[in-house]
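Here is the structure we will look at, set down as structure tokens.
The values are calculated or read from the model by the stated rules, or taken from the named source; none is laboratory data. Bear in mind that the values here come from a model prediction, so they are computed numbers and not experimental data. A quick note on method: Cβ atoms are made from the backbone with ideal geometry, for glycine too, and the neighbour counts reach across all protein chains shown.
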Amino acid sequence: MTNALLLMMTEEGLVRFAAAQSGDAIDLTVTQIGLTAAVFDLAPTLTALPGEFRRVATISGAAIGDNIVHVMLRDEEAIGYTVRGFGLFLADGTLFAVYGQETAIVEKSPLSTLFAAIDIAFPTADIDMLTFGDTNFLLPPATTETAGVVELATSVEVDAGVDPRRVPSIFDLARRLADLAAELIAAIADAVADYIPLAQKGQSDGVATLDADGLVPSAQLPLDRYGEALRIGIADDRAVTPAAIAALTDRFAGFGEFQLPGVIVKTGFQNGPFTEGDVPVDFATAFPNGCRAVFITVVDEQPALNVTIYRRTKRVDGFVAYVSNPTPTDNQIDGFDWIAIGN
């Protein structure tokens with residue numbers, strides 16, 4: 001805060017001030033401020049403001065203590081000027097008090113609005129009897145053009161969002177923005193629900209919903225990541241991509257075990273040579289429920305005449321093959337491939 005400007009009250013101003021204090025019906029309302037760019041000598045005998053070039057009536061003020069009055073001055077006229085002094089004029093035109101200095105107090109350009117706040121100090125006490133124009137101008141309503149006083153909106157008014165005058169508190173603003181964000185997210189989710197897949201391969205599973213029959217609509221089935229649903233064949237809540245189906249063909253390379261829906265297939269090679277008799281074969285892992293069939297194929301670089309192989313017995317953990325060879329001393333086979341099917 002800058003130091004208050006010390007005014008000099010004129011003799012006529014003091015007479016009216018004293019009379020008002022004595023109870024006379026004297027109007028001590030300051031209705032205008034005269035402006036001057038001239039440098040002049042302050043004297044209580046002044047009855048006019050030297051070099052006055054303009055009167056401004058848009059003023060307001062209030063006593064703030066210690067003989068100091070806070071005055072607001074506004075001039076919207078499209079003119080430019082420099083102010084080195086000013087005078088306070090009462091409602092009857094009396095020059096009540098003056099102030100001046102050599103340097104500029106304020107300057108205005110033609111393209112700007114003068115909006116000056118000045119603290120002025122009076123040489124006398126009991127200045128509460130002074131009034132200044134319209135007190136609403138001292139604290140004007142805030143607009144998009146002018147800083148001023150605003151009223152906080154209630155929560156109901158914030159939610160309604162139709163009052164252009166009131167402003168929300170930070171609490172109500174944060175609450176309303178959170179509500180709007182939640183509504184926006186929900187609206188976006190509803191709008192794009194039919195266009196976003198519920199799951200993607202290699203990512204988290206989606207969410208499937210059942211129809212009236214308790215089944216999962218094919219359009220909503222989460223994707224099977226690695227073809228496990230197709231391999232095991234017991235899941236009714238997964239969809240299998242063509243890529244997952246194609247990946248199952250990799251399981252046919254070499255010997256081993258792979259699964260199809262409801263079926264387990266085991267493959268292997270039993271190395272010989274074999275002449276005639278039983279050949280036991282043990283599975284690396286047993287079938288959970290049972291071995292349903294075994295298929296055997298003779299392997300021999302030089303085909304052995306009249307040699308046959310058939311399955312004698314089968315179990316969940318293996319089977320026994322029998323090699324039949326009418327001439328075992330002359331014909332021996334290198335081995336046989338086998339396929340076992342079970343579940």
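Of all residues in the stretch 63-84, those being in a loop (DSSP other than H, G, I, E, B) and surrounded by fewer than 17 Cβ atoms within 10 Å (Cβ to Cβ) number 6.
Yes/no matrix, rows are residues, columns are (1) among the basic types (Lys, Arg); (2) closer than 15 Å to Leu5 by Cα; (3) in contact with a Phe, Trp or Tyr (Cβ under 9 Å, 6 or more places away or on another chain); (4) crowded, with 18+ Cβ neighbours inside 10 Å:
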| residue | (1), (2), (3), (4) |
| --- | --- |
| Val30 | no, no, yes, yes |
| Leu42 | no, yes, yes, no |
| Phe53 | no, no, yes, no |
| Asp92 | no, no, no, no |
| Gln101 | no, yes, no, no |
| Thr113 | no, no, no, no |
| Ala116 | no, yes, no, no |
| Ala121 | no, yes, no, no |
| Leu130 | no, no, yes, yes |
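In summary, Thr143 fulfils each of the numbered conditions (1) modelled with pLDDT of 75 or more; (2) outside the structural domain of Phe89 (by TED's automatic domain parsing) with the single exception of condition (1).
A quick yes/no check of all residues on (1) outside the structural domain of Ala121 (by TED's automatic domain parsing); (2) at pLDDT 95 or above; (3) part of a loop (DSSP other than H, G, I, E, B); (4) farther than 16 Å from Thr131 by Cβ:
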{"site": "Phe17", "(1), (2), (3), (4)": "no, no, no, no"}
{"site": "Ala20", "(1), (2), (3), (4)": "no, no, no, no"}
{"site": "Gly23", "(1), (2), (3), (4)": "no, no, yes, yes"}
{"site": "Asp27", "(1), (2), (3), (4)": "no, no, yes, no"}
{"site": "Gln32", "(1), (2), (3), (4)": "no, no, no, no"}
{"site": "Ala38", "(1), (2), (3), (4)": "no, yes, yes, yes"}
{"site": "Leu46", "(1), (2), (3), (4)": "no, yes, yes, yes"}
{"site": "Leu49", "(1), (2), (3), (4)": "no, yes, yes, yes"}
{"site": "Arg54", "(1), (2), (3), (4)": "no, yes, no, yes"}
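Based on what the data block shows, is Phe89 in contact with a helix residue (DSSP H, G or I) (Cβ under 8 Å, 6 or more places away or on another chain), closer than 19 Å to Thr10 by Cβ, modelled with pLDDT of 90 or more and not acidic (Asp, Glu)? So Phe89 does not fit the description; no. Can you confirm whether Ser60 is at pLDDT below 95 and either not in a strand (DSSP E or B) or not assigned by TED's automatic domain parsing to the domain that holds Leu14 (or both)? No; evaluated as a whole, the condition is false for this residue.
When residues in the stretch 21-45 are screened for being under 12 Å from Asp92 (Cβ atoms) and not β-branched (Val, Ile, Thr), 4 of them pass.
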